[in-house]
Amino acid sequence: MEEKIISNKVNERALKKSYDEACSDLKFRRLIKTLAVEDKIAMKYTSSLKDTVCELEHCSECSGLIYCQNRLEGHVMFPESKGNQIIFSYTPCKYEKERIKKETNRMTRDKELSMASLSDIDVTDKKRSDVIKWLINFCDKYDKNGNFKGLYLHGTFGCGKTYLISAVLNELSKKRVSTEIVYLAELLRDLKSDFDTFGDRIEYLENVDVLLIDDIGAEKVTEWSRDEILGTILQHRMNNYKTTFFTSNLNIEELETHLIINSNIDEKIKAKRIIERIKQLTVDMELIGENKRK
C-alpha cells in the first residue's frame, strides 16, 4: 500500500512538472483559460492539450487542405470541458467546412445536371435563342467519327450555361457517346491529392468523346495547372479531333488575361497558346440571361 502511495505521488509530480512546462507556452495557457477548468484536472490531459495547440498552430499557417499537417486532414482535435473531464473530438477547419459545403452543392448540382433535357429548355427567350439553336443543331448532327467543334460558352454567373450543355451531353449519352463534365478547379484539387490515379484520369479526359470543362477561369492559375494539365488535355483533344465544350464567366479575352501569371513575355505566350487551342476546339458564343440560381 505504501509503495502504491509513493508511486502515485511520483506520477503526480511528473504530471505537474510536465503541465508547468507546458504552461510556459502562452498559447497553451490561453487554451486552458478557454476551457475554464482547474489545473488539477487540466494536467491529466497535458499531452493531448499540447497536441491541440500544435494542430491549431498548423491551422494558423495553413492555406488549404492539401497542406494540412494535422493527424486527421481538415480537422483539429479540439477539447471541451465536461464536469471533471476534458473530452476531445475532431472539429472540421474552415477549409473542410468549405469542402463539405461545395461537395453538398456539387451533389445537388450533379443530380440536376444529370436530369437536364433539351425538351425542358425554354426556347421562347430570344436572348438565348441563338445558343439553343446551335446546341440543338449540334446534337442532331453530331457523329463521334467526325470533326465537330464544341462551344466556348461565356456569360454571367448562373445564367444556365452548364445546364444547356449538360442537356446536350445527356442526349448524346443515349446514343452511346461517352461524355464527361469536369469542374476545372475541383479537377485540379483532386489531381493534386491523388497521384495514384493521375495518369488514368488525364488519359480519360484526353480521350472521352465529348468533354465539358466547366467554369474555366474560376481556378487559381499555376504553371502546372495551365501548362501541364489544361494544356496537355487540350493539345491531345485538338490533335485527335475530340469535341470539347467550355463554360466561363469570362469572355475569351478576359480568360487570356486570367491565364497570365505575371507580366513576363513568356507568360503571355503560354497563355495565348492555351487560348489558341480553345479557339481551335470551339465556336465562341455568349449566353445572355438572368441568374437561374436565385
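The values are calculated or read from the model by the stated rules, or taken from the named source; none is laboratory data. These figures come from a predicted structure and were not determined experimentally. Note: ideal-geometry Cβ built from the backbone for every residue, glycine included; neighbour counts use all protein chains shown. For the accessible areas, the whole protein counts, side chains as well, though only heavy atoms, and no ligand, DNA or RNA atoms are used. Shrake-Rupley method; radii C 1.70, N 1.55, O 1.52, S 1.80 Å.
Figures for the structure shown
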quantity: Selection count where residues are exposed (fewer than 10 other Cβ atoms within 10 Å of the Cβ) and touching a helix residue (DSSP H, G or I) at 6+ places or on another chain (Cβ under 8 Å), scope segment 89-129; calculated: 1
quantity: Qualifying residue in segment 192-208 (condition: closer than 28 Å to TYR67 by Cα, open to solvent by less than 50 Å² (accessible area, probe 1.4 Å), touching a strand residue (DSSP E or B) at 6+ places or on another chain (Cβ under 7 Å) and among the aliphatic types (A, V, I, L, M)); calculated: yes
quantity: Residue list for segment 226-250, restricted to those being open to solvent by 10 Å² or more (accessible area, probe 1.4 Å) and not β-branched (Val, Ile, Thr); calculated: ASP227, GLU228, GLN235, HIS236, MET238, ASN239, ASN240, TYR241, LYS242, ASN249, LEU250
quantity: Some residue of segment 155-173 being crowded, with 19+ Cβ neighbours inside 10 Å and more than 17 Å from LEU118 (Cα to Cα); calculated: yes
quantity: Residue selected from segment 280-294 under the condition in contact with a strand residue (DSSP E or B) (Cβ under 8 Å, 6 or more places away or on another chain) and modelled with pLDDT of 90 or more, by the criterion farthest from LYS161 (Cα to Cα); calculated: LEU281
quantity: Near pairs, Cβ below 7 angstrom, 6+ apart or cross-chain, from segment 173-198 (without any contact (Cβ under 8 Å) to a residue 12 or more places away in the chain) to any residue that is open to solvent by less than 80 Å² (accessible area, probe 1.4 Å) and in a helix (DSSP H, G or I); calculated: PHE198/LEU191
quantity: Top-ranked residue in segment 226-253 [being without any contact (Cβ under 8 Å) to a residue 40 or more places away in the chain and part of a helix (DSSP H, G or I); ranked as farthest from ASN145 (Cα to Cα)]; calculated: GLU253
quantity: Long-range neighbours under 7 Å by Cβ, at least six apart or interchain, first residue without any contact (Cβ under 8 Å) to a residue 40 or more places away in the chain within segment 123-144, second in a helix (DSSP H, G or I) and among the acidic types (Asp, Glu); calculated: CYS139/GLU171
quantity: Residue that is nearest to LEU250 (Cα to Cα) [pool: residues in segment 260-269 that are part of a helix (DSSP H, G or I) and either modelled with pLDDT of 95 or more or open to solvent by 60 Å² or more (accessible area, probe 1.4 Å) (or both)]; calculated: LYS268
quantity: Selection within segment 74-88 - of a type in the set (S, T, N, Q) and open to solvent by 80 Å² or more (accessible area, probe 1.4 Å); calculated: ASN84, GLN85
quantity: Candidate set from segment 57-70 (those that are open to solvent by 70 Å² or more (accessible area, probe 1.4 Å) and of a type in the set (Gly, Ala, Ser)); member that is nearest to SER193 (Cα to Cα); calculated: SER63
quantity: Cβ pairs under 8 Å, 6+ apart, first in segment 66-81 and in contact (Cβ under 8 Å) with a residue 60 or more places away in the chain, second basic (Lys, Arg); calculated: ILE66/ARG189; ILE66/LYS192
quantity: Count of residues meeting criterion [in contact (Cβ under 8 Å) with a residue 40 or more places away in the chain and under 17 Å from ASN84 (Cβ atoms)] in segment 13-43; calculated: 5
quantity: Enumeration of residues in segment 14-26 that are part of a helix (DSSP H, G or I) and open to solvent by less than 40 Å² (accessible area, probe 1.4 Å); calculated: TYR19, ALA22
quantity: Evaluation of LYS27 against (1) within 30 Å of ARG189 (Cα to Cα); (2) touching a helix residue (DSSP H, G or I) at 6+ places or on another chain (Cβ under 9 Å) (one fails), failing number; calculated: (1)
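Okay, residues lined up against (1) β-branched (Val, Ile, Thr); (2) open to solvent by 100 Å² or more (accessible area, probe 1.4 Å); (3) part of a helix (DSSP H, G or I):
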site	(1), (2), (3)
GLU12	no, yes, yes
PHE28	no, no, yes
SER47	no, no, yes
GLU55	no, no, yes
LEU72	no, no, no
